[in-house]
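Beneath this line is the structure, given in structure tokens, with notes to follow.
Taken together, the values in this text are just the output of simple stated rules run on the coordinates, not laboratory data. As the structure is a prediction and not an experimental result, all values here were calculated from the model. Note that we place each Cβ from the backbone using ideal geometry, even for glycine, and neighbour counts take in every protein chain shown.
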Amino acid sequence: MHLTKRKASALARDIAGHQGASSERKVAVFPTFVHLDHVRRNLKGSNVILGAQNCFGQKEGAYTGEISPYMLRDMGVEVVLIGHSERRHVFGEDEEMLFDKVKIALRAKLDVMLCVGETLGERGAGNTFKVLARQLKNLKVVKSTQIDRISVAYEPVWAIGTGKTATPAMAQEAHAECRRQIAGILGDEAAATIPILYGGSVKGANASDLLANPDVDGALVGGASLSIDDFGPILDAAKA
């Protein structure tokens, strides 16, 4: 929940300019709902993907204040975040609700980035893998023809906005477990295909080390994405 219309539009232009038209890096931005159309216009002609931060689990109806994935698609959105840690832990979204969101978003022809990750207490209790297994079960709704529209973001809740970051070894361990769980749900080919991104205080200073891990396919960036001065070095750390 950041930036004005003017600043969001300027940032979109900066990111599009930094990305360049020929880069093979896959870059998406996820502005707040009210800025989606303005950002879309400022990304025109670029290969930066427009994403949304959330959606509701129904096509339409008397759900005041909610946003349908079909509305997002009509706005030009291509990908939606589902299950971000703040949606889970601030707004109380449970796995049943998130399952419905994944299902309807895919039906609306949106790509889905499913966010998973444990709290500090869950990690301390040795339950990280159990938490990931429970959260990744939302992928059971994914059909074989939809595999290429799925990505997963591992975001340890204890590392989001705290300045703490999982070490590269910790990130790799969690990502490898996510891949193992995905294989059990959707098969080995899907596990090898679905990108798994790391999110949790990613900065230019640590991006290269995190992205060097074999099972870390990208980054879901929060605070450091709010200015091109901070986000640019992360983009540069990503493999072209």
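The table below gives the values:
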| read-out | value |
| --- | --- |
| Amide hydrogen neighbours beyond the local backbone of Ser201, cut-off 5 Å, H modeled | Gly161, Gly222 |
| Highest-MSF residue in the chain out of Val141, Val152, Val80 [GNM, Cα springs under 10 Å] | Val141 |
| Normalised contact order of segment 76-131, rounded percent, pairs of Cα under 8 Å and 6 or more residues apart | 43 |
| Sparse-neighbour loop sites [trypsin sites (Lys or Arg not before Pro); segment 73-106; at most 11 other C-beta within 10 Å; DSSP] | none |
| Value of relative contact order over segment 53-221, rounded to a whole percent, pairs C-alpha under 8 Å and six or more apart | 19 |
| Extension gain, Arg6 back to Gln58 (0.36 nm per residue minus Cα-Cα distance, nm) | 15.6 nm |
| Spin-label model distance (nm) - Arg134 vs Ala176, 7 Å beyond Cα toward Cβ | 2.5 |
| P(r) weight above 19 Å for segment 1-102, C-alpha pairs, percent | 47 |
| Placed amide H near Asp111: partners under 5 Å, 5+ positions off or other chain | Val79, Val80 |
| Computed over segment 41-84: relative contact order in percent, which uses C-alpha pairs under 8 Å that are six or more apart | 48 |
| Under Karplus coefficients 6.51, -1.76 and 1.60, residue-wise ³J(HN,Hα) of segment 80-91 in Hz, glycine/proline x | 10, 6, 10, x, 3, 4, 6, 5, 6, 9, 8, 9 |
| 5 angstrom amide H check on Ala153, placed H, neighbours 5+ away | Leu114, Cys115, Val116, Leu197 |
| Sparse-neighbourhood loop sites, chymotrypsin sites (Phe, Trp or Tyr not before Pro) in segment 24-103 - DSSP loop, at most 10 other Cβ within 10 angstrom | Phe91 |
| Measure of compaction for segment 53-221 (Cα Rg per 2.2 N^0.38 Å) | 1.00 |
| Translational D in µm²/s for segment 121-240 (Stokes-Einstein at 20 °C, 1.002 mPa s, Kirkwood Rh from C-alpha pairs) | 144 |
| Segment 180-191 - phi-based ³J(HN,Hα) in whole Hz, Karplus 6.51/-1.76/1.60, Gly and Pro as x | 5, 5, 4, 4, x, 8, 10, x, 5, 5, 5, 4 |
| Residue-span extension gain [Thr167 to Asn47] - 0.36 nm each, minus C-alpha spacing | 40.1 nm |
| Loop trypsin sites (Lys or Arg not before Pro), segment 149-240, which have at most 12 other Cβ atoms in a 10 Å radius of their Cβ (DSSP) | Lys164, Lys239 |
| Cross-link pairs beyond the 23 Å C-alpha cut-off, checked among Lys103/Lys203; Lys101/Lys239; Lys5/Lys103; Lys137/Lys164; Lys5/Lys44; Lys26/Lys109 | Lys103/Lys203; Lys101/Lys239; Lys5/Lys103; Lys137/Lys164 |
